[in-house]
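Colleague: The structure follows.
The values are calculated or read from the model by the stated rules, or taken from the named source; none is laboratory data. The structure presented is a predicted model; accordingly, all values stated were derived computationally and were not measured. With ideal geometry, Cβ positions are generated from the backbone for all residues, glycine too; neighbour counts draw on all protein chains shown.
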């Protein structure tokens, strides 16, 4: 993305490339959850793959920031539909006792892509063109879907959710709100601040309709379990947005080297996921989630060593790998806890809820951090201290997760 932003002369709008994907995926998750509950995961999965591939083609052909944003948004639609469909498929296909292992396998499926993807993307950007990174997506996406398709017919059926219309309207409003927040904060003006503030108000009203009652106040049990997904994910991924950019801008490493630093995290993410899979499926996951959030916070608080000291820049790989272990421990634990506390009729909407709050908080935190970065660019350029402050902001979010993780338990007696 640093290469894309420079080529398209869009460093000031750098975070749009990330938030366009996440914002579009939110509405897709709402639709995917309702669609999966009513008719099964096959339709959302196939539609998601088509949208992902088309979006990748458009992004790869972009000649300006806004064409890239459209392509990334279509990719987000595809990603949102796919991930909810996969979660619902796991919930329907596996008994409670096997779900921790199923989610562990799902996390392990990221190992090879995470090991080779960033490195290949960096090499292509350095030696050929960044456009190839997008254009290669269909080659990797389509074959596994063709293998999965014959088995999807055994997991169809269901009934439309009673709140379908209300949730759909709320999803549309939340998407508009997130776009307003992202656009407003990057304007760096009074008008932009007003736009962002209205977006926040609209967002809170809309999200209340998309998550279990009491989620925004961290009510015990299912509500806090859903919120923890967004808290931990937003802390980690808001920092990740700036890791390659910081190392390229302040330490002068190549895009390939930056990709290699991110790639080192894959194995430890899988290790963390494997560790949580050893817990019984009906075990409370609040402690495992708290430990994971604490490890993520430690990662984010040590990242500044890579830009403030004379240590080699690859020291960031150690921090990032440690954080990945925490994510592997926490993210599947949250999913297992949400499934464990969800009535069967709400598996689809609650699967969507954890993805939605992931998207919402990630966009909000990335947008807020993006203000700091955009101000630095407007003032002459980002420095090492700019990135340090951004990472410490993400660390504060992770520490908040440590503080509230205990509320994932439905009651003090359980």
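Colleague: Looking at (1) surrounded by 14 or more Cβ atoms within 10 Å (Cβ to Cβ); (2) more than 30 Å from residue 243 (Cα to Cα); (3) at pLDDT below 80, which is the one condition that is false for residue 159?
Modeller: It fails just one condition, (1).
Colleague: Determine which single condition residue 206 fails, assuming it passes every other condition in (1) within 20 Å of residue 393 (Cβ to Cβ); (2) free of Cβ contacts under 8 Å to residues at least 60 places away in the same chain; (3) buried (at least 22 other Cβ atoms within 10 Å of the Cβ).
Modeller: For residue 206, the failing item is (1).
Colleague: Here is a check on your reading of the model: is residue 197 under 18 Å from residue 19 (Cα atoms), buried (at least 24 other Cβ atoms within 10 Å of the Cβ) and without any contact (Cβ under 8 Å) to a residue 60 or more places away in the chain?
Modeller: No, not satisfied.
Colleague: Another question about this same structure. For residue 329, which of the numbered conditions (1) crowded, with 24+ Cβ neighbours inside 10 Å; (2) more than 16 Å from the chain's Cα centre (by Cα); (3) more than 23 Å from residue 245 (Cα to Cα) fails to hold?
Modeller: The single condition residue 329 does not satisfy is (2).
Colleague: Answer with yes or no whether residue 54 is surrounded by fewer than 19 Cβ atoms within 10 Å (Cβ to Cβ), in a helix (DSSP H, G or I) and in contact with a helix residue (DSSP H, G or I) (Cβ under 7 Å, 6 or more places away or on another chain).
Modeller: Yes, satisfied.
Colleague: Restricting to region 338-355, name every residue that is out of contact with any helix residue (DSSP H, G or I) (no Cβ under 6 Å at 6 or more places or on another chain) and part of a loop (DSSP other than H, G, I, E, B).
Modeller: Residue satisfying the conditions is 343 alone.
Colleague: From the set of residues in region 103-142 that are part of a loop (DSSP other than H, G, I, E, B) and within 18 Å of the chain's Cα centre (by Cα), which is surrounded by the most Cβ atoms within 10 Å (Cβ to Cβ)?
Modeller: Looking at residues that are part of a loop (DSSP other than H, G, I, E, B) and within 18 Å of the chain's Cα centre (by Cα), I get 110.
Colleague: Now for a separate question. Can you name every residue in region 1-34 that is assigned to a helix (DSSP H, G or I), touching a residue at least 60 places away in the same chain (Cβ under 8 Å) and over 18 Å from residue 183 (Cβ atoms)?
Modeller: Selection gives 2, 3, 4, 7, 29, 30, 31, 32, 33, 34.
Colleague: Quick check, is residue 380 surrounded by fewer than 24 Cβ atoms within 10 Å (Cβ to Cβ) and free of Cβ contacts under 8 Å to residues at least 40 places away in the same chain?
Modeller: Against the criterion (surrounded by fewer than 24 Cβ atoms within 10 Å (Cβ to Cβ) and free of Cβ contacts under 8 Å to residues at least 40 places away in the same chain), residue 380 qualifies.
Colleague: Further, regarding this structure: Only one of (1) modelled with pLDDT under 90; (2) crowded, with 18+ Cβ neighbours inside 10 Å fails for residue 215. Which number is that?
Modeller: With (1) modelled with pLDDT under 90; (2) crowded, with 18+ Cβ neighbours inside 10 Å applied to residue 215, the lone miss is (1).
Colleague: If you go through region 35-57 one residue at a time, how many are within 11 Å of residue 88 (Cα to Cα) and either at pLDDT 95 or above or under 20 Å from the mean Cα position of the chain (by Cα) (or both)?
Modeller: Matching residues across region 35-57 total 2.
Colleague: How many residues does region 373-407 hold that are outside any helix (DSSP H, G or I) and in contact with a helix residue (DSSP H, G or I) (Cβ under 9 Å, 6 or more places away or on another chain)?
Modeller: 3
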